[in-house]
Every structure is written in C-alpha cells, then in structure tokens.
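> Handing you a structure now.
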Amino acid sequence: MTTVARLILGAVLIVAGGLKIGGIQQSVMAVRAYRLLPDPLATTVGYGLPIVEIVIGVLLVVGLLTRVAAVVGGLLMLAFVFGIGWAWARGLRIDCGCFGGGGQLESWEEPSYLLDIVRDFGLVLLAAWTVRFPPGRFALDAALGLAGGSRDREIEGDEDE
C-alpha cells in the first residue's frame, strides 16, 4: 500500500510541477491570484513551486528520503487545501493553477473548489500513510538501508505477505 501511496503522490507532484514549469509566468500569475502573499514573495513561490514539486515527486517515486519527501509533499498539499479554501471563502473566482494555468476565471467558467480540496486532501492522506509506514517495495531507501529500524522491517515483511 505504501508503494502505491508514494507513487500516486509522487506522480501527481511531477505532473503538476512539469506542467507549471512549462508555463512559469502562468505559475506566478496563479500564485498571485490567491492574494495571500505580497507580490515579491508570490513571484518567488511561483518560480520555485514547480521545481520543489518535481524534486519531491521524484524522491517519492524512486523512494529516496521517502518520509522526508512525504512530509514536504503532505505540507504542500495542506497549503494547497488552505489556499483553495481561502479563495473560496473570499469569493475569488480563480483557477487553482494546480496543473498549470491559473488566474481569474472567465465569467462563464465555474470554480471547482470542492473537487480541488477533496483531491488535495486525499493526497494529504497518502502522504500521511507514506510517513507512517515503511517506504514499500522498489524504494531506494530500503536498498540503501535508510528505511528505518527493525520495527520497519517487521512491518515491511508483514506488508509483503
């Protein structure tokens, strides 16, 4: 189960970061649209977020520093849940910019805040699972002896049965 959880979270982060990095100005615009951060900080976050998402996603997919990556990925998802909830509560009509794009919606477009929040909270749960349990199969952590103590090996052995 942990392997599946980390692969899903990792793949989502890689795809989201990859789509944003291809349109970095839109990433900056999406962060600014939330009106949560001062412009200079929003610009920095807009440029840096895609890189962080890709790095954390790759770490999760290969299973390296899995728990640390899952904590960072889970915190990112919580920040996204907060930001989307903030926009919704403030009556902003924006595209979340989760997978590229972002900014103000056209008058005929409807925001998908509830769906975005549910999706991101589900990813928070996957991150929590990944933090709680050993990294699972095909993780570099296990091959490098970074998976944890004997308790982790016992759980991991139980997981394989």
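> Angle between the Cα long axis of helix 39-62 and the longest principal axis of the chain, 0 to 90 degrees, nearest 10?
The helix 39-62 is inclined about 30 degrees to the chain.
> A follow-up question, please. Roughly what would the spin-label model give for residue 39 and residue 8, points 7 Å off Cα along C-beta, in nm?
Inter-label distance under the simple model: 4.1 nm.
> Starting from the Cα-Cα distance between residue 146 and residue 86, subtract it from 0.36 nm times their residue separation and give me the gain in nm to one decimal.
Answer, rounded to one decimal: 17.8 nm.
> Over the chain, average the accessible area per residue using a 1.4 Å probe and give it in Å², no decimals.
53
> Let me ask something else. Would you calculate the separation in nanometres between label points at residue 132 and residue 115, each defined as 7 Å from the Cα along the Cα-to-beta-carbon direction?
The modelled label-to-label distance comes out at 2.9 nm.
> Of all the accessible heavy-atom surface of the chain, with the other protein chains kept in place and a 1.4 Å probe, what percent is carbon and sulfur?
Ligands and nucleic acids excluded, carbon and sulfur reach 70 percent.
> Which entry is the computed log10 I(q)/I(0) by the Debye sum over Cα atoms at q = 0.10, 0.19 Å⁻¹ for this structure: (1) -0.47, -1.26; (2) -0.46, -1.13; (3) -0.40, -1.08?
Checked against the structure: label (3).
> Can you tell me the orientation of helix 150-160 relative to the chain, as the angle in degrees between its alpha-carbon axis and the longest Cα principal axis, to the nearest 10?
Rounded to the nearest ten degrees, it is 80.
> Quickly estimate the mean residue ellipticity at 222 nm for the chain, helices only: each DSSP H run with n ≥ 4 gives -39500 (n - 2.57), and the total goes over all residues, rounded to 500.
-23500 deg cm²/dmol
The values are calculated or read from the model by the stated rules, or taken from the named source; none is laboratory data. Since this is a predicted model, take the numbers as computed values, not measurements. Neighbour counts run over all protein chains shown; Cβ positions are idealised from the backbone, glycine included. What goes into the accessible areas is simple: the full protein's heavy atoms, side chains included, and nothing from ligands, DNA or RNA. Shrake-Rupley method; radii C 1.70, N 1.55, O 1.52, S 1.80 Å.
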